[in-house]
Amino acid sequence: MLKSRHLAILTFVVSFASVTGLLFTPALPSLGKDLGISENMAEWTISIFLVGYSLGQLPYGPIANRFGRKPALYIGTTLALLGSILAYAANSFGVLAAARFLQALGSAVGLKASFTMISDFHEGPQATESIALHSLAFGITPGLAIAAGGFITASFGWKGCFLFLIFYSLLIGLLAFFLPETARRLDPHALQVKNVIQGYRSQFKNPKLILYSLIVTSCTSIFYIFAALSPYIGMDRAGLSPAGFGLWNLVPAAGMVAGALAARGVAKTSPFRRTIWLGIGLAGAGAFAMGVFFLIEISAPGMFLTQAAIQAGMSLVWSNANAQALGASSDKSNASAVIQFINIGGACVSSFLASFIPGAPPLLLPASTIILLITMACLFKKIQET
């Protein structure tokens, strides 16, 4: 069993990419003006990050099987550090885009390595409890990161966000030093091309793993679409300052925390199927309420309070779906890599499509959430029928 202090460290490691990807969200409008790019191009910095975040999941599976979980973490934190330094020095969109991609490739190790370490020692309800605990990190740290990003942007400009991320990458690398190596054995042939292809092919042929992974990516897509669209709705339409926008983001974070605590509390007492349906229903009610509020008036309370309900519901779904997906395979390292590849890849596609809609109407936010929730319900129904 992983000790409490190790699980506490993993709550920071698991959110490595979330903080790296979202800290500078309040800086998007000012970044666009400084670099002379459009709103859509500024939003692409999130989509570019997600592309790297998604692709970055796959290499760490065989790397962790060959050298261990901790060496994989050291490689990832080094790449993220180099990306943050390059982003801080960027003076054009091209350089910033390359830096964001490198940041993503590196910080992607946090999510993959954390779930691999958990699944090395925990299964069933214990895995759900541990993953729900790490959902707290997803709930707390992104909201805190966006709030901090608002104040950093107001005080030091958008480059200040990347200076912060330089020190944050160093911190994650230091924390990784205090983690145990959880790999029970190392495979000296794990990096051979034939074995890599065979290992991933078996995971992609696992229908239960794939279906649950698609549910997970639907949850993540809802979060990242909100991250891409909310700055312009909140600051351009509702009149919030960067600092005010950052503070309001603590409200959805509180909703995610509440959902994660509820998921952890019911892991041993309530069937996971009931919990997933409850989460979908709660998020659906929040999305419907947001649409109604937007039809009446675009306001910060109408967006952030309803998003809190959506995030609470998604926490219930996310932790249970992740645990079930990991439980569907014996190769935890490669399974975790595939799950998170699908997870972040789907979120990347969703946010990228959202950024391509010029002057996206505010109603796109609740509408896209409802579409993804319907998709989730259909996927879960198919799992129950098989």
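What follows draws every value from the coordinates through simple rules; no lab data is involved. This one's a predicted model, so the numbers in the text were calculated from it and none came from an experiment. Counting neighbours? That spans all protein chains shown, and the Cβs are built from the backbone with ideal geometry, glycine included.
Values for this structure:
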quantity	calculated
Simple Cβ-charge dipole of the chain, Lys/Arg +1 and Asp/Glu -1, about Cα centre, in debye nearest 20	1000
Relative contact order, percent, region 245-386 [alpha-carbon distance under 8 Å, six or more residues apart]	32
At q = 0.14 Å⁻¹, base-10 log of I(q)/I(0) for region 1-82 (Debye sum, equal scatterers on each alpha carbon)	-0.63
Estimated vicinal HN-Hα couplings, Hz - region 176-190 in sequence order (Karplus 6.51, -1.76, 1.60; Gly, Pro = x)	4, 4, 8, 8, x, 7, 9, 5, 7, 7, 9, 9, x, 9, 4
Lysine pair count for the chain [Cα-Cα under 14 Å; pairs on different chains or 8 or more apart]	5
Residue-count net charge about PRO188 - beta-carbon cut-off 15 Å; Lys, Arg +1, Asp, Glu -1	+3
Order of HIS6, HIS189 - criterion: other Cβ atoms within 10 Å of each residue's Cβ, fewest first	HIS189, HIS6
P(r) histogram, all alpha-carbon pairs of the chain included - 10 Å bins from 0, percent	5, 26, 36, 25, 8, 1, 0
Sorted by Cβ neighbour density within 10 Å, fewest at the top, the residues ILE222, ILE383	ILE383, ILE222
Tensor-based shape of region 187-267 (alpha-carbon gyration tensor, a/c under 1.5 rounded, otherwise prolate or oblate)	prolate
Using θ = phi - 60° and Karplus 6.51 cos²θ - 1.76 cosθ + 1.60, couplings along region 235-242 (whole Hz; Gly, Pro as x)	8, 8, 9, 9, x, 7, 7, x
Dipole-positive endmost among LEU295, SER54, ALA183 within the chain (Cβ charges, Cα centre)	ALA183
MET290, MET117 arranged by Cβ crowding within 10 Å, fewest neighbours leading	MET290, MET117
